[in-house]
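**Student:** Please read through the structure below; I'll follow up with questions.
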Amino acid sequence: MKIYDSLTGEKNILSSKKVNIYCCGPTVYNYIHIGNARPVILVDILIRYLKSRGVEVNYLQNITDVDDKIIKKAIEQNLTENEISSLYTEAYIKDLKSLNIIMPTKLIPISQKLPEMLDFIEKLVETGDAYVVDGDVYFDIKKWFKIYGELSGRKVDELIAGERIEIDLKKHDPLDFVIWKKTDAGIKWKSKFGEGRPGWHTECSVLIDEYFNHETIDIHAGGIDLKFPHHENERIQFIAYNQQEIAKNWMHNGHVTLEDEKMSKSLGNTVLVKDFILNYGSNLLRWFFLTSQYRQPLNVSENIINQGEKFFEKIENLRKKVLNALLSNEQFVDVEMNNLIIKEFNDQMDNDINTALVLTIIDRVIKEINKEITNQQETQWIGKFKSLEHIFATLGFMELLNVKFTDEDQGLFKAWKSALQKKDFATADNLRQQLVRKKLV
């Protein structure tokens, strides 16, 4: 399998039978929006596919439950920070389940790893990679000018001119960033530097270092908006601490826009995951993310939602046709999955998860099944249908091609057909209503 690495700009071969993955989790001060869901669903599809190929996956995600935004929300709502972070952590896990996400091997709130973060920060100070000023601790960039900016693809001068550099006169250099923050507000911990809390950029470095035993992980995933400064700063700390790269591959997904405007909680133009699921279902959101190569931006519009709804109508019509064929037969030939279709699917997934072309394969196979299923002597469509079942399961869709039925269901179906043949339309209508309620026709 080839994965595009954002650091090198090349596709690297992922051949290990055990893969370590990290994906940045949410800051739990609000519900997640559909833009936040894109990296989560991307990683879920990747994990499902790797597992389908016999690869063991160890997947870590963080929960940022210590942050200025949480403190601000707690003050606004007259609640404790723990009450806010607990509320939205539970909401996040509920959203993951609603999205049919395979839960991470480990989901770690950063508040549980304060001793490890302090040890990490103290070592950086000892090695001269960080310095202390009035209780704040800053990472010192000057030793790393040659490689800092490689991930975001910008030179140091360009980064300094960027919009997201915090102005702080205590810094030795504008690009230095805080890794321990002296504070009187909100939750804080004692340290040798004074009371405070860790900087946001440090938590991911520490969790990866501690959980994966100081090893370089296979894949680090996240949204492209985190590339700078968060991932850039995360990477440089890990290198300083371990003298090696934090990840062999960086997977960055593109922005999600709403009617061509970037989604942002600060702009107030977000669509919450829970609301999208309520209105359109989780399958449609997953399909939406499949329509484009994951590195490309995606725009949510009424038109794309209509396209998605038509796609699922097509799938449902196919399901009913297959059910009709199965219910009409006493005996059915058992056919294996179509190996050619599975190979096509695997080839596209192996090519940096090319889901847009996977959807074209699905469309073609649906057309082939619809054509072949009308011929009672034809059985190849069964193998093609089983291939579709495998593909949909691997992509993480829920209950799309459910064609299971009981003997009672089949008896009801045959009674309906018999009533139609006898022109007993009143009985036929009654039986059909029962079949519709069971989603059998």
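**Student:** Can you pull the one-decimal nm distance between simple spin-label points at Glu399 and Glu316, each 7 Å off the Cα toward Cβ?
**Tutor:** 1.2 nm
**Student:** Between rounded, prolate and oblate, where does the range 242-364 land on the alpha carbon gyration tensor, with a ≥ b ≥ c its root eigenvalues, rounded for a/c under 1.5, else prolate if a/b exceeds b/c?
**Tutor:** oblate
**Student:** Just to be sure I understand: with springs between alpha-carbon atoms less than 10 Å apart, which residue in Ser387, Ser16, Ser282 has the highest mean-square fluctuation in the Gaussian network model of the chain?
**Tutor:** Ser16
**Student:** Using the per-residue mean of other Cβ atoms lying within 10 Å as a proxy for protection, in what order, highest first, do the peptides 180-192, 133-145 fall?
**Tutor:** 133-145, 180-192
**Student:** Next up: Once you've got the GNM for the chain with C-alpha springs shorter than 10 Å, pick whichever of Asp424, Asp347, Asp67 has the biggest mean-square fluctuation.
**Tutor:** The residue that fluctuates most here is Asp424.
**Student:** Another question about this same structure. Go ahead and estimate [θ] at 222 nm for the chain from helices alone: -39,500 (n - 2.57) per DSSP H run with n ≥ 4, summed, over the residue count, rounded to 500.
**Tutor:** The helix-only estimate for the chain comes to -15000 deg cm²/dmol at 222 nm.
**Student:** Could you check which residue among Ala426, Ala325, Ala130 shows the biggest mean-square fluctuation in a GNM of the chain with a 10 Å Cα cutoff?
**Tutor:** Ala426
**Student:** Run down the aspartates and glutamates and flag those whose C-alpha is under 20 Å from the C-alpha of Lys384, throwing out any fewer than 8 positions away in its chain.
**Tutor:** Glu313, Glu316, Asp334, Glu336, Glu344, Asp347, Asp363, Glu368, Glu372, Glu399
**Student:** Could you work out the equivalent-ellipsoid semi-axes for the range 1-79, taking the square root of 5 times each eigenvalue of the Cα gyration tensor, largest first, in whole Å?
**Tutor:** That gives 33, 13, 11 Å for the three semi-axes.
**Student:** Something else now. How long are the semi-axes of the equivalent ellipsoid of the range 2-300, defined as square roots of 5 times the Cα gyration tensor eigenvalues? Whole Å, largest first.
**Tutor:** 29, 24, 19
**Student:** When a/c reaches 1.5 or more, the comparison of a/b and b/c decides; with that in mind, is the range 103-228 rounded, prolate or oblate per its Cα gyration tensor?
**Tutor:** Verdict is oblate for the range 103-228.
**Student:** Hey, which of these cross-link pairs are over 25 Å Cα-Cα: Lys146/Lys227; Lys310/Lys439; Lys18/Lys343; Lys2/Lys113; Lys69/Lys188?
**Tutor:** Among Lys146/Lys227; Lys310/Lys439; Lys18/Lys343; Lys2/Lys113; Lys69/Lys188, the Cα-Cα distance tops 25 Å for Lys2/Lys113.
**Student:** Please list 3J(HN,Hα) in residue order for the range 174-188, calculated via the Karplus relation 6.51 cos²θ - 1.76 cosθ + 1.60 where θ = phi - 60°; whole Hz, with x for glycine and proline.
**Tutor:** Working through the residues one at a time gives x, 7, 4, 10, 6, 10, 9, 10, 5, 7, 9, 8, x, 5, 8 Hz.
**Student:** Compute the FRET efficiency between Asn82 and Gln376 as 1/(1 + (r/R0)^6), taking r as their Cβ-Cβ distance and R0 = 60 Å, and round to the nearest 0.05.
**Tutor:** FRET efficiency, Asn82 to Gln376: 0.40.
**Student:** For the range 303-395, what is the convex hull (Cα atoms) projected area averaged across all directions, in square nanometres?
**Tutor:** 6.4 nm²
**Student:** I've got another one for you. Along the range 99-111, what does the Karplus equation 6.51 cos²θ - 1.76 cosθ + 1.60 (θ = phi - 60°) give for ³J(HN,Hα), rounded to whole Hz, x for Gly and Pro?
**Tutor:** 7, 6, 7, 5, 4, x, 4, 9, 10, 10, x, 5, 4
Computed from the coordinates by the stated procedures, all read-outs in this text should not be read as laboratory data. Bear in mind that the values here come from a model prediction, so they are computed numbers and not experimental data. In this analysis, Cβ positions are derived from the backbone assuming ideal geometry, glycine residues included, and neighbour counts consider all displayed protein chains.
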